[in-house]
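*Asks:* Let me give you the structure first, and then I'll get to my questions.
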Amino acid sequence: MKKWVFWLVILALLGYEAMHQKPERVNENQGIEKFEIRESIPTKSEQTLKIMKDQIYQGNLVLVNKDYPIHQAGILTDVVNLFQHKELVDGYVLLDNTVRLSRSIVKSFTTMVKAADKEGIHHFMINSGYRDNSEQSKLYKDMGPDYALPAGNSEHNLGISLDIGSTQSEMSQAPEGTWLKKNAATYGFILRYPKDKTAITGIQYEPWHFRYVGLPHSLIMQQKNLTLEQYLEFLKQQKTLTTTIQGVNYEISYHPISKDTTIQVPSNRKFLLSGNNMDGIIVTVF
Ligand SMILES: [Zn+2]
């Protein structure tokens, strides 16, 4: 065979290989991949929400402790005297006629005690709810810094926290205390000052003090054994977090806020905003 014929045959074979195999297969795959990606991206419709700086001071997740005082904007606006609203006192009793609490928190509390009742636990009593500054000052003077916080630094000043008792015995011994410790998180409440977290909260173990934070936050905090201080720090580090609880998909995101601004939220889902009382807001989409 002549040399040029030999090389012609080689070139022809290489050309055939190049044209008929690899390029076609690659193109085919790329086409499929592009198609699949396009199919899997959900249509996202968003809306722009105006956020005022003051919003960092209000909501179910505001942190109130010795370092972060309450702001006027954070006090719940639906606080009522429960003794004067007997229709709200259902499934529990009041220590006295001064007990005040946010109406919406009472609603969640009632749902919780009714669930406990079904399990045979039904001797609940509210000992204290909302306290104004002069009541808190007196308590701080009487109880001291290990058991109370100065006026303006207590969650009781918001109307979001309550001291729950049992008509039978002390909460550390009572079935009501044991039940709440295990189940309160399912109803949006947290045991705010646990025994093993006194170094973080700065407050002694209080088996009676519960605070509302809402779902899914209460359950995440319980699962991860985090106080509110630790949970807010965790959210700040995570920035976004998704979880499914009781069949509901939640998307939680932290947004630092230093001035009036805007954020994007989905326009086709419900959402709830809360400040952290420090430096940002948390958006809970569900
Ligand atoms: Zn308390």
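*Asks:* Are any residues in region 44-90 in contact with a Phe, Trp or Tyr (Cβ under 7 Å, 6 or more places away or on another chain) and in a loop (DSSP other than H, G, I, E, B), and if so, which ones? If you could, list the steps in order and put the result at the bottom.
*Replies:* Step one: of region 44-90, the residues in contact with a Phe, Trp or Tyr (Cβ under 7 Å, 6 or more places away or on another chain) are 60, 71, 73-74, 79.
Within region 44-90, Asn60, His71 meet the criteria.
*Asks:* Of all residues in region 117-138, which are more than 16 Å from Leu162 (Cα to Cα), assigned to a loop (DSSP other than H, G, I, E, B) and among the acidic types (Asp, Glu)?
*Replies:* Glu119
*Asks:* Among residues belonging to region 150-168 that are away from the ligand (no atom under 11 Å from the Cβ) and hydroxyl-bearing (Ser, Thr, Tyr), point out the one that is most open to solvent (accessible area, probe 1.4 Å).
*Replies:* Selected residue: Thr167.
*Asks:* Given the options Ser108, Ser102, name the one that is modelled with pLDDT of 95 or more and away from the ligand (no atom under 16 Å from the Cβ). Show your work before the answer.
*Replies:* Working: Ser102 fails: away from the ligand (no atom under 16 Å from the Cβ).
Testing whether each residue is modelled with pLDDT of 95 or more and away from the ligand (no atom under 16 Å from the Cβ) leaves just Ser108.
*Asks:* Looking only at residues in region 226-240 that are free of Cβ contacts under 8 Å to residues at least 12 places away in the same chain and in contact with a helix residue (DSSP H, G or I) (Cβ under 8 Å, 6 or more places away or on another chain), which one is nearest to Ala199 (Cα to Cα)?
*Replies:* Pass one, region 226-240, residues free of Cβ contacts under 8 Å to residues at least 12 places away in the same chain: 226, 233-234, 237.
With in contact with a helix residue (DSSP H, G or I) (Cβ under 8 Å, 6 or more places away or on another chain) added as a condition, the list becomes 226, 234.
Working: Leu226: 13, Phe234: 17 Å.
Per the criteria, the residue is Leu226.
*Asks:* Being away from the ligand (no atom under 16 Å from the Cβ), at negative phi and open to solvent by less than 10 Å² (accessible area, probe 1.4 Å): is that true of Val113 here? Write out each step before concluding.
*Replies:* Values: away from the ligand (no atom under 16 Å from the Cβ): yes; at negative phi: yes; open to solvent by less than 10 Å² (accessible area, probe 1.4 Å): yes.
So Val113 passes the test.
*Asks:* Scan region 122-149 residue by residue and report those that are in contact with a strand residue (DSSP E or B) (Cβ under 9 Å, 6 or more places away or on another chain) and away from the ligand (no atom under 16 Å from the Cβ).
*Replies:* Once the filter is applied, which keeps residues that are in contact with a strand residue (DSSP E or B) (Cβ under 9 Å, 6 or more places away or on another chain) and away from the ligand (no atom under 16 Å from the Cβ), region 122-149 yields only His123.
*Asks:* What do you reckon, is Asn97 exposed (fewer than 13 other Cβ atoms within 10 Å of the Cβ) and modelled with pLDDT of 95 or more? Can you show your working first?
*Replies:* Values: exposed (fewer than 13 other Cβ atoms within 10 Å of the Cβ): yes; modelled with pLDDT of 95 or more: yes.
In short, yes.
This table checks each residue for (1) touching a Cys at 6+ places or on another chain (Cβ under 8 Å); (2) open to solvent by 30 Å² or more (accessible area, probe 1.4 Å); (3) in contact (Cβ under 8 Å) with a residue 24 or more places away in the chain; (4) not in a strand (DSSP E or B).
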| position | (1), (2), (3), (4) |
| --- | --- |
| Thr242 | no, yes, no, no |
| Tyr250 | no, no, yes, no |
| His255 | no, yes, yes, no |
| Val265 | no, no, yes, no |
| Asn268 | no, yes, yes, yes |
| Leu273 | no, yes, yes, no |
| Asn277 | no, no, yes, yes |
| Ile281 | no, no, yes, no |
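*Asks:* Please determine whether any residue of region 178-188 is within 11 Å of the ligand (Cβ to nearest atom) and under 18 Å from the mean Cα position of the chain (by Cα).
*Replies:* Filtering region 178-188 down to residues within 11 Å of the ligand (Cβ to nearest atom) leaves none.
Checked region 178-188: no residue is within 11 Å of the ligand (Cβ to nearest atom) and under 18 Å from the mean Cα position of the chain (by Cα).
*Asks:* Let me ask something additional. Taking the options Glu206, Glu229, name whichever one is within 16 Å of the ligand (Cβ to nearest atom) and closer than 26 Å to Lys107 by Cα.
*Replies:* Values: Glu229 fails: within 16 Å of the ligand (Cβ to nearest atom).
Only one candidate passes the filter, namely Glu206.
*Asks:* Another question, then. Would you call Ser172 out of contact with any Ser or Thr (no Cβ under 6 Å at 6 or more places or on another chain), open to solvent by 30 Å² or more (accessible area, probe 1.4 Å) and either in a helix (DSSP H, G or I) or within 16 Å of the ligand (Cβ to nearest atom) (or both)? Write out each step before concluding.
*Replies:* Values: out of contact with any Ser or Thr (no Cβ under 6 Å at 6 or more places or on another chain): yes; open to solvent by 30 Å² or more (accessible area, probe 1.4 Å): yes; either in a helix (DSSP H, G or I) or within 16 Å of the ligand (Cβ to nearest atom) (or both): yes.
Yes, satisfied.
The values are calculated or read from the model by the stated rules, or taken from the named source; none is laboratory data. Quick caveat: nothing in here was measured; it's all calculated off a predicted structure. Reconstructed Cβ throughout: ideal geometry from the backbone, glycine too, with neighbour counts over all protein chains shown. Areas reflect the complete protein model, heavy atoms only, side chains present, ligands, DNA and RNA absent. Shrake-Rupley method; radii C 1.70, N 1.55, O 1.52, S 1.80 Å.
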